[in-house]
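As structure tokens, the structure follows; a few thoughts come after it.
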Amino acid sequence: MTLSNIFLETEPFGIESGIELAIVAFAVVLFALSITAYRNTRIKKILFAAAAFALFAVHIFVDSIEDYLTFLDEEIIGIILKLMLFAILVLFFVAIVKKK
Amino acid sequence: MNDESNINTIRVLQYIQENPGCHLRKIKRDLTMSMGTIQYHLILLEKQGKVSSERHNLHKYYFPIGLFEQNEKDILKILNQETAREILMTILEQHPTQTDIANIIKISSASVNWHIKRLVELGLVVEQKDGKFKRYVLGIDSKHIVSMMKNYHPNLWNRWSNRLAEMFLSLSKEENKQ
């Protein structure tokens, strides 16, 4: 299924979609802030946090279009989403414990 | 070049020497010259190797050659950071140790250490031994620092990104307290 089909079949814009969109937007803002912080300071650990914010945005996006990803098994999508959450936590952990 | 033009070039050069890190609009406002005239003199001074410029965000900032030993770009980055500015202000007012700075501006000593290291590398701050302590003083004329801080302000986005960086710095292992 192409991406355009996914959007065509999406239900009318509801509160849930609005909140999801706000979460993605906020994660993107945090990602951009982290990149600016990295460019100003060159502290590598900030890049891990930036990656975590980006992955979080991807996670929410994939979660919201899960029903339209018919070419993927539901169980596989579930595993991918859980792995993403795990990777986000790992990235934050590395950002905290990594030396400058 | 006629005498009047020569005098104006010298005025612009003197202004930049007294106000390192100034930008075009400020020079125009303070010297009450037209934008075109100032641009002409700035290009001339840059060609003569007497001033250098660094573009940052929307403005181009001018520096006298030699004062910062080609570290102008990094100095603008430093001035973009709230914490580094506060550290410079603290050093300007007293000769503090790293612990003093941490206590005054209420940040972690790891963060102070990281900022001080960068300021020393750029020659903005100099380390002085005082018994078993290390105190810090400004490495360049205080009026230059004050002038640059007046001319250059971090925007909201940079203030937020700086706070995010501070958060990660405070998570670092505390080292070199004194």
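The values are calculated or read from the model by the stated rules, or taken from the named source; none is laboratory data. Fair warning: this is a prediction, and the values are worked out from it, not measured in the lab. Note that each Cβ is placed from the backbone with ideal geometry, even for glycine, and that neighbours are counted across all protein chains shown. Keep in mind that these areas ignore ligands, DNA and RNA; they rest on the heavy atoms of the full protein, side chains included. Shrake-Rupley method; radii C 1.70, N 1.55, O 1.52, S 1.80 Å.
Tabulated values for the structure
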read-out	value
Globularity index of the protein assembly as shown, i.e. its alpha-carbon radius of gyration over 2.2 N^0.38 Å	1.34
Projected label distance in nm at A:Leu69 and A:Lys44, using a 7 Å step from Cα toward the beta-carbon	3.1 nm
Relative contact order of chain A, pairs being alpha-carbon contacts under 8 Å that are 6 or more residues apart, as %	34 percent
Accessible area buried, both sides summed, chains B and A with 1.4 Å probe, Å²	1600 Å²
Restricting segment A:8-100 to GluC sites (Glu not before Pro) in coil, as DSSP defines it, with at most 12 other Cβ within 10 Å	A:Glu9
Accessible surface ranking that places the most exposed of B:Leu42, A:Leu30 first, with a 1.4 angstrom probe	A:Leu30, B:Leu42
Segment B:96-178: GluC sites (Glu not before Pro) falling in loop per DSSP and having at most 14 other Cβ within 10 Å	B:Glu174, B:Glu175
Highest-MSF residue in chain B out of B:Ala165, B:Ala84, B:Ala110 [GNM, Cα springs under 10 Å]	B:Ala165
For segment B:85-178, the Rg and Dmax computed from alpha carbons only, in angstrom	13.3, 41
Note, ³J(HN,Hα) from phi for segment B:99-114, Karplus 6.51, -1.76, 1.60, rounded to Hz, x at Gly and Pro	5, 4, 4, 4, 6, 5, 9, 6, 10, 5, 5, 4, 5, 4, 4, 5
Longest to shortest principal axis, alpha-carbon extents of segment A:20-100, angstrom	43, 24, 15
Solvent-accessible surface ranking, highest first, for A:Phe86, B:Phe168, A:Phe48, A:Phe53 at 1.4 angstrom	A:Phe86, A:Phe48, A:Phe53, B:Phe168
Average Cα contact separation per residue, chain B, under 8 Å, 6 or more apart, as relative contact order %	24 percent
Surface accessible to a 1.4 Å probe, B:Met167 within the full protein complex, Å²	100 Å²
Theoretical ellipticity at 222 nm over chain B - DSSP helices of four or more residues, -39500 (n - 2.57) apiece, nearest 500	-17500 deg cm²/dmol
Options B:Asn103, B:Met89, B:Leu122, ranked by Cα towards positive dipole end of segment B:1-143, top entry (Cβ charges)	B:Asn103
Mean ellipticity per residue at 222 nm, deg cm²/dmol - from DSSP H runs of n ≥ 4 across chain A, formula -39500 (n - 2.57)	-26500 deg cm²/dmol
Accessible surface of B:Lys50 - all protein chains present, 1.4 Å probe, nearest 10 Å²	90 Å²
Solvent exposure ordering (accessible area, 1.4 Å, most first) of B:Thr32, B:Thr83	B:Thr32, B:Thr83
Radius of gyration and Dmax over the Cα atoms of segment B:96-149, both given in Å	11.4, 33
Qualifying GluC sites (Glu not before Pro) for segment B:1-103 [loop in DSSP, other Cβ within 10 Å: at most 15]	B:Glu69
Residue among B:Leu58, B:Leu13, B:Leu44 with the largest mean-square fluctuation in a Gaussian network model of chain B, springs linking Cα atoms under 10 Å	B:Leu58
19 Å Cα cut-off, lysine pairs counted over chain A (separation 8 or more, or different chains)	6
